[in-house]
Structures are given as C-alpha cells and as structure tokens.
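Here is the structure we will look at.
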Amino acid sequence: MMKCTRLSRILMLSALVVGTALSASFAWSQAKAPLRFGVAMPLTGSQASYGLDFVEGTRWAVADINAKGGVDGHPLEMVVLDTVGDPQAGISAANKLIHVEKVPVILTAWSGVVKAIAPLANREKMLTLSVGASSPEVAKLGDYVYTVTPLADVDVKAIASYSFEKLGKKRGAVLYLNNESGVGGARTFRSAFEKAGGQIVAYEAYDANASDYSGAVLKIRAANPDVIHVQGLIVDMPQVIGQLRQMGMNQLITSYIGGYYPKMVQQLGPAIEPYMAPNVAPGPQDNPNIPGFIERWQKTKGRVSNALPYTQYMYDSGLLVAELFKWVLKNNLPVTGENMRKALLAIKKFDFPMTGSMEISEDHEVKKPVYLLVVKDGKFVPLATVK
Amino acid sequence: MGEASVVVQICWTALSTAIPMILFAVAFSLVLKVVKIWNFAQAGFMAVAFYAMYATYNLLQWPMWLAVLIGLALTLIASLTLEPFGLDVLRRRKSPHLTYFILTLVMSLFLAAFLSMLFGTEPVPLTPEIMSPVKIVGSIVMSHWDLRAIAVGVVLLLLLHQFIIRTRDGQYMLAVADNAELAELYGISAKRTRIVTFFAASIFITAGMWLAGTRGAINAHMPLQMLIFAVVATLLGGTGGIFTSALAAAILSLIQALSVLVIPSQWQGFVLYVFLFVTILFFPKGFNVRNLKLAAILGKSARVMRAGQG
C-alpha cells in the first residue's frame with residue numbers, strides 16, 4: 001500500500017513537472033520572434049567617435065519602439081558590427097550580417113564602406129540604407145542601396161551656391177582629403193560653385209596621413225580666393241583649418257555636413273571664424289522634438305552627440321526600418337531584403353520626428369532643406385535655410 | 001609673397017612639422033644600433049607616452065611639466081618590460097630575426113588595443129586648444145609651436161651627441177653597438193647599456209609625442225603610421241646611423257613638402273613610399289655620400305662603355 005502511494009506521488013510529481021515544462025514551452029513559442037536588422041558602423045578606429053553615437057541614436061529608436069510593443073508585437077532587434085570606417089572591414093561585416101545573422105536590411109555609413117558593400121548587397125538582395133555617406137556616387141550603387149540622408153549634391157551644392165549668390169564670394173578654392181569622402185564632395189563644390197557663376201582658383205588635395213599641409217595651403221593662398229571649401233574628416237580638419245589660419249588666411253572657410261563638429265570649434269578657438277557648415281537635419285529652432293533629443297543626450301551621456309544631425313537621422317532610420325517590417329508583415333510576405341525593398345518603394349513617403357518628411361525618389365536620393373550655420377563666439381548659430 | 005618666400009615658408013613649416021618625426025627616427029635608430037632590433041614596439045610606447053601625458057594633464061588636471069615626466073616614466077617602464085620579458089628570452093633561445101619583428105609588432109598592437117579600451121578611439125589633442133600664436137619674420141609665418149619644436153629638436157639632438165661622445169655610458173653604447181660580446185669581455189655590461197639606450201629613446205619618444213599632441217589630435221592607432229616614416233628615415237640614413245637618420249627624416253619631410261610645387265598635391269602621399277621602395281631595392285645600406293660617388297662612377301663607366309661600343 002505504502003509502495004503504491006509513493007509510486008503514485010512520484011507519478012503525479014513527474015506529470016506536474018512535465019506539464020509545467022510543456023506549458024512554458026508552448027507559451028514561449030507563442031511570444032513573437034524578434035525582427036532583426038543590421039547596423040554596420042565604425043565602433044573602433046579614428047571614426048568611432050561618430051560611429052558609436054550613430055549606433056546610440058538607432059538604439060534609442062529600437063528601445064522606444066519596443067517599449068510601445070514592438071512591430072505588431074514583434075520586438076525589434078539590432079545586430080551591430082564594426083566596420084572601422086574601412087571598406088575591407090565593411091565587407092566582412094556585411095558578409096556576416098547576410099550569411100550568419102541573415103538580416104534583410106542594414107544601416108551603414110561612410111562612403112568608402114557603402115561603395116564596398118554595394119555589390120554584395122545587390123547580389124544577395126539585402127536592402128542597404130546609407131545614413132550619412134556623402135559621396136554623390138552612393139545614389140548610383142544599384143537597386144538595393146538607398147541613402148536616407150542628402151548626399152553631397154545637396155548640402156555642398158547649397159553651401160556653394162549660397163556662398164556665391166548670397167555672400168558674394170566670386171573666387172573659390174577647394175582643399176580636400178584625397179579619399180572617397182573628400183574627392184566626391186570636392187568635385188560637387190567645384191561644379192556647383194562654377195555653375196552658380198563663380199571661379200575655382202585653386203583645387204588642392206592632401207593625404208590622409210599628412211601632418212603638414214603647407215604646400216597645398218600656400219598654393220591656395222597664392223590664388224587669393226574669397227572662400228575656401230574644406231572637405232575632410234574630423235581627424236584632419238582641425239589641423240588643416242588651423243594651418244590655413246596660421247598662414248594668414250582669414251577668408252570664409254566652408255565645409256560639408258561632416259564639418260559641423262563642435263569639438264573642432266573648441267580645439268581651434270576664435271581662430272576658426274569665419275566658418276560656415278551646413279546641416280541637413282533641423283535644429284532646435286526648426287523642430288520641437290530636437291530640444292528633447294538633445295536633453296536625452298545630456299541625460300544619457302552627459303554631453304551632446306558628436307554628430308547630432310546624423311544621430312537624428314539614425315534615430316529616424318530605426319523608425320524607418322520598423323515601418324518597412326510593418327508593411328511586409330501586413331502584406332503577409334516573408335521578411336527578406338527583396339520584400340523590404342518593395343516596402344520602401346511602396347510606402348515611399350515618410351514623416352519622421354527628428355528629421356521631418358522624407359521621400360524616396362527614383363534616383364535613390366532624398367531632397368531635404370539645408371540649414372546653414374556659422375560659428376559665432378565659439379558656437380554654431382543658424383544663418384539661413386536653403387530649400 | 002614671392003616664389004622664394006613660398007619655398008622658404010614651405011621649408012620652415014616642413015622642418016618644424018618634421019621635428020616629432022625626426023625624434024621618432026632617432027629613437028628608432030638608436031635602439032636599432034645598440035640593441036640590434038627593429039623595434040616596432042616603439043609605436044606602442046609612443047601611444048603610452050601620449051596617453052600618460054593626456055591622462056595626467058586633462059583628467060588629473062596636473063601641470064604639463066609633471067605630465068611630461070610621468071609620460072617619460074611610463075614610456076621607460078613599458079620599454080624596459082620588453083627587454084627582460086621579451087628580447088632577452090628570444091636571445092637565450094637564439095630566435096631568428098623574424099621572431100623579434102613579430103614580438104615587437106604584436107606588442108605595439110596590444111598596447112594600441114589596450115589604450116583604445118581605456119581611452120576610447122576618438123582622436124584627442126593633448127591640450128584643449130591646438131592653435132598657437134604666430135609671428136611674421138620677414139614674410140615667413142612662424143608659430144610658437146614651430147619655434148618650440150625646433151628648439152626641442154635641436155637641444156635634444158645636441159644633448160644626445162654630447163652624451164655619446166663625452167660620457168662613459170655614451171661610449172659604452174658605441175662599444176655594445178659594435179660588438180656586444182667583446183664589450184662584455186672588457187667589463188661593459190651590455191644589459192645596463194641597453195637600459196640606458198631605452199632610456200634615451202624614451203626621452204625622444206616622449207618629446208616627440210608631446211609636440212605631436214600639442215599640434216593635433218592623436219589616437220592609439222596613429223603612432224604605428226607615424227613609425228613608418230621613422231623606419232623609412234632609418235633605412236635612408238643607413239641602419240646604424242643615428243644622426244644620419246635624423247638628417248634623412250628632415251630631408252624626406254622637405255622633399256615631401258616641396259614636391260607639391262612640381263607634382264599635383266594628390267600625389268604627395270606617394271613620395272614617402274616611392275622613397276621606401278627605391279631605398280630597399282637600390283640602397284639597402286642607406287643613401288650616403290659613398291653611394292652617390294659609386295653611382296656617379298657607375299654612370300660614367302656606363303657612358304664610356306657605350307661610347308666605346310658606338
């Protein structure tokens with residue numbers, strides 16, 4: 001009798017355990033699978049100060065979306081890989097995202113990296129959204145590569161034509177970093193400035209590893225321009241502009257959106273003025289969501305982002321990816337790069353909290369107003385908006 | 001500004017900007033001469049020097065002179081760990097030269113990765129502002145940084161020269177460089193001499209990084225690129241020539257800077273690598289007066305032969 005009772009207790013306990021396990025497993029399988037997308041940015045290397053902030057912007061978007069229940073109940077999840085800002089490392093990252101992580105869409109940046117990834121993205125039909133790469137060639141990299149930020153065509157053209165038409169600068173000079181980021185933007189400035197009616201009197205390059213730019217600077221000085229456009233990266237631009245000023249060049253210096261770099265203003269002090277840089281994202285005076293976004297940076301990181309305009313786009317890119325997933329799920333399509341691209345072209349027009357409206361055009365570009373800022377008393381202040 | 005003053009301006013700025021590179025070349029060739037290794041770990045030591053000064057000055061808010069001393073001390077400690085825990089081990093094992101190269105390179109990469117973890121990867125300058133006031137002398141722009149760099153470079157090179165020719169330790173360095181085993185027989189401690197060599201190299205490294213860091217932003221990976229210039233200068237100056245390496249570094253900087261007057265500026269970066277290529281292929285022992293004379297004799301002989309055949 002006792003043996004029978006003990007056996008039945010064991011059996012009951014076993015049934016209870018198995019039942020619980022099965023219920024948990026059933027409940028777990030009912031939780032919706034996460035929707036994963038890739039983010040390939042420089043997390044190390046000389047561009048990491050921008051890259052890490054880019055990732056943070058998207059991370060906030062993902063957190064905000066998931067806090068509201070995800071995309072139709074599916075949590076959004078980002079897979080972040082390091083490109084070091086280098087094309088070769090970018091290809092490795094893209095390969096891993098496609099073949100190992102199997103994501104249907106990635107966010108990436110840096111012109112050289114985007115160009116390197118493009119053939120792979122097109123072959124494997126992975127939608128690639130470029131956030132911040134400025135080279136005009138990004139718009140011609142194939143069916144699966146789109147930019148969500150204006151290319152150098154937009155911000156550099158705006159600054160070139162504004163310098164000529166509104167500020168009366170007739171003689172322009174260009175000093176550019178001899179790589180993917182510099183060459184494209186330099187050509188765009190030259191062409192836009194000449195088209196507006198100006199004359200390019202000097203067009204000089206410098207090497208990424210140079211520490212002395214005196215030769216190129218003196219050639220520019222000899223040409224006596226009214227405005228000097230510098231197209232470099234954050235690691236070299238402070239020294240280049242510093243040397244321009246030390247050689248007695250007090251002309252207006254302009255740059256592209258990458259030159260909107262508050263730390264450079266701190267490093268160069270009052271010597272940086274007069275300096276103008278464009279911004280293709282609205283500032284606090286243009287968009288009521290921006291003060292809260294800036295405050296979030298202060299609270300989270302104790303500082304404002306190194307690349308505030310880009311992080312605004314990165315935040316909105318997280319929302320864009322969510323919209324694409326939503327469309328694909330709504331249309332009962334498998335989550336593939338091909339269908340994510342279909343979603344992008346079907347939705348076409350988006351309205352985002354940090355950067356305003358965006359329309360995907362046939363030429364793979366986006367058109368946005370350009371906000372021109374100048375440095376005054378150590379800070380960037382708005383000058384004009386060019387539509 | 002006339003053409004002559006453009007050339008003078010380029011020469012002045014190129015020379016002053018080259019001073020950190022000259023100091024790195026001297027450090028590199030000093031270790032090569034005495035310790036007999038191609039010390040690619042120097043890039044790691046350069047990063048240690050920079051970040052030690054950066055942390056002391058910016059994070060601890062201590063005075064710059066103290067930051068430089070701490071930078072020097074930590075660079076020396078890093079250098080000295082290489083000797084007993086790395087080089088000595090390889091010497092005892094009679095390891096091939098390639099192993100020394102791998103060891104020193106890996107040490108550089110390790111230090112760069114470690115410092116990146118500690119300080120991040122964003123390039124930072126040593127001082128919050130990198131602009132220095134300028135003077136116009138004649139029509140030549142001279143910044144205070146230029147003058148500081150030239151002064152530091154000249155003083156350190158003179159001191160090193162005097163140290164080598166006038167002090168016992170300096171003479172010991174030459175003896176060990178010539179033949180370490182024979183020097184030991186004469187009672188000279190090769191080990192102590194190597195320590196003194198690393199100490200001297202650390203001074204040059206710290207001074208060079210102080211100058212570089214007060215002129216622009218640096219991160220942990222940039223010293224390896226800077227070191228390539230030092231290696232090229234060492235090759236050009238002849239392996240074993242400390243002051244010829246310094247001269248080579250100066251001439252290379254001048255040529256690179258002046259080249260922009262004759263070639264498009266986009267090609268300036270190639271000049272360094274063209275020199276490296278030519279030096280390795282045609283002047284593996286360095287480019288010196290004897291090579292020039294030899295080249296002239298060979299050229300004359302070839303012309304005579306061709307004339308004879310014609």
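Derivation of every value follows stated rules applied to the coordinates shown; laboratory data play no part. Fair warning: this is a prediction, and the values are worked out from it, not measured in the lab. A quick note on method: Cβ atoms are made from the backbone with ideal geometry, for glycine too, and the neighbour counts reach across all protein chains shown.
Before moving on, here are some points about what is shown:
- Value at 222 nm in deg cm²/dmol, rounded to 500, when DSSP H runs of n ≥ 4 in chain A each add -39,500 (n - 2.57): -15000 deg cm²/dmol
- Compared with the direct C-alpha span, the chain from B:Ile140 to B:Thr239 gains 32.1 nm at full extension, assuming 0.36 nm per residue.
- The simple spin-label model puts a point 7 Å past each Cα toward its Cβ; for A:Glu137 and B:Val89 those points are separated by 4.6 nm.
- Theoretical FRET efficiency, 1/(1+(r/R0)^6), r = Cβ-Cβ of B:Leu158 and B:Ser5, R0 25 Å, to 0.05: 0.30
- Under a Gaussian network description of chain A, with springs only between Cα atoms under 10 Å, the residue in A:Gly38, A:Gly318, A:Gly248 that fluctuates furthest is A:Gly248.
- Rounded to 10°, Cα long-axis angle of helix A:87-99 versus longest principal axis of chain A: 20 degrees
- Nearest-0.05 FRET efficiency for A:Lys367 and A:Lys170, computed from C-beta distance (R0 35 Å): 0.80
- Near the amide H of A:Ile200, within less than 5 Å, lie the amide hydrogens of A:Gly172, all on another chain or at least 5 residues away, with H placed in the peptide plane.
- Within chain A, percent of DSSP bridges classed antiparallel, to nearest 5: 30 percent
- Top of B:Gly138, B:Gly44, B:Gly213 by mean-square fluctuation, Gaussian network on chain B, Cα under 10 Å: B:Gly138
- Calculated over region B:3-277: convex hull of Cα atoms, volume per residue (Å³): 138 Å³
- Of the GluC sites (Glu not before Pro) in region A:351-387, the ones in a loop by DSSP (not H, G, I, E or B) with at most 16 other beta carbons within 10 Å are A:Glu362.
- Applying both filters, DSSP loop and at most 12 other Cβ atoms within 10 Å, to the chymotrypsin sites (Phe, Trp or Tyr not before Pro) of region B:152-226 gives B:Tyr186.
- When the convex hull of its Cα atoms is projected in every direction, mean area for region B:172-214 (nm²): 3.0 nm²
- Spacing of the modelled spin labels on A:Leu345 and A:Ser92, each 7 Å from Cα toward Cβ, amounts to 3.4 nm.
- For region A:222-231, putting each phi into the Karplus relation 6.51 cos²θ - 1.76 cosθ + 1.60 with θ = phi - 60° gives couplings of 4, 7, 6, x, 8, 9, 10, 9, 10, 10 Hz, in residue order, rounded to whole numbers and with x for Gly and Pro.
- When its C-alpha radius of gyration is set against 2.2 N^0.38 Å (N residues), region A:112-168 gives a value of 1.39.
- Förster-model FRET efficiency, 25 Å R0, A:Lys32 and A:Arg303, C-beta, rounded to 0.05: 0.10
- In terms of its C-alpha gyration tensor, the protein assembly as shown has an oblate overall shape, because the principal axis ratio a/c (a ≥ b ≥ c, square roots of the eigenvalues) is not below 1.5 and a/b does not outweigh b/c.
- For A:Tyr176, residues with placed amide H under 5 Å, excluding near neighbours: A:Glu204, A:Ala205, A:Tyr206, A:Gln231
- Share antiparallel - DSSP beta bridges, the protein assembly as shown, percent rounded to 5: 40 percent
- Mean residue ellipticity (222 nm) of chain B, computed from DSSP H runs ≥ 4 via -39,500 (n - 2.57), nearest 500: -24500 deg cm²/dmol
- Highest-MSF residue in chain B out of B:Ala151, B:Ala67, B:Ala233 [GNM, Cα springs under 10 Å]: B:Ala151
- 3J(HN,Hα) couplings calculated from phi for region A:40-52 with the Karplus curve 6.51 cos²θ - 1.76 cosθ + 1.60 (θ = phi - 60°) are, in sequence order, 10, 9, x, 9, 9, x, 5, 9, 5, 4, 7, x, 5 Hz; Gly and Pro show x.
- If you take the Cα centroid of region A:85-159 and the Cα centroid of region A:256-270, the two points sit 26 Å apart.
- Antiparallel DSSP beta bridges within region A:60-208, as percent of all bridges there, nearest 5: 5 percent
- DSSP-assigned coil residues among chymotrypsin sites (Phe, Trp or Tyr not before Pro) in region A:107-189, each with at most 11 further Cβ atoms within 10 Å: none
- Using a cutoff of 8 angstrom between alpha carbon atoms and counting only pairs six or more residues apart, the relative contact order for region B:3-277 works out to 37 percent.
- For B:Thr167 and B:Ile263, the difference between the fully extended length at 0.36 nm per residue and the C-alpha to C-alpha distance is 29.9 nm.
- Violating pairs (Cα-Cα greater than 28 angstrom) within the set A:Lys102/A:Lys387; A:Lys102/A:Lys342; A:Lys115/A:Lys170; A:Lys115/A:Lys301; A:Lys219/A:Lys387: A:Lys102/A:Lys387; A:Lys115/A:Lys170; A:Lys115/A:Lys301; A:Lys219/A:Lys387
- Spin-label model, B:Ile77/A:Glu101: points 7 Å from Cα along the beta carbon direction are separated by 3.9 nm.
- Computed from backbone phi with θ = phi - 60° and the Karplus coefficients 6.51, -1.76 and 1.60, the 3J(HN,Hα) list for region A:325-330 is 4, 4, 4, 5, 5, 4 Hz; x is used for glycine and proline.
- Longest segment of chain B lacking trypsin sites (Lys or Arg not before Pro) that sit in a DSSP loop with at most 13 other Cβ atoms within 10 Å: B:95-284
- Amide H contacts of A:Thr147 (H built 1.01 Å from N, under 5 Å, at least 5 apart or other chain): A:Ser130
- Global geometry of region B:142-275, whether rounded, prolate or oblate, following the gyration tensor of its Cα atoms and the 1.5 cut on a/c: prolate
- Residue order, fewest to most surrounding Cβ atoms within 10 angstrom, among B:His161, A:His364: B:His161, A:His364
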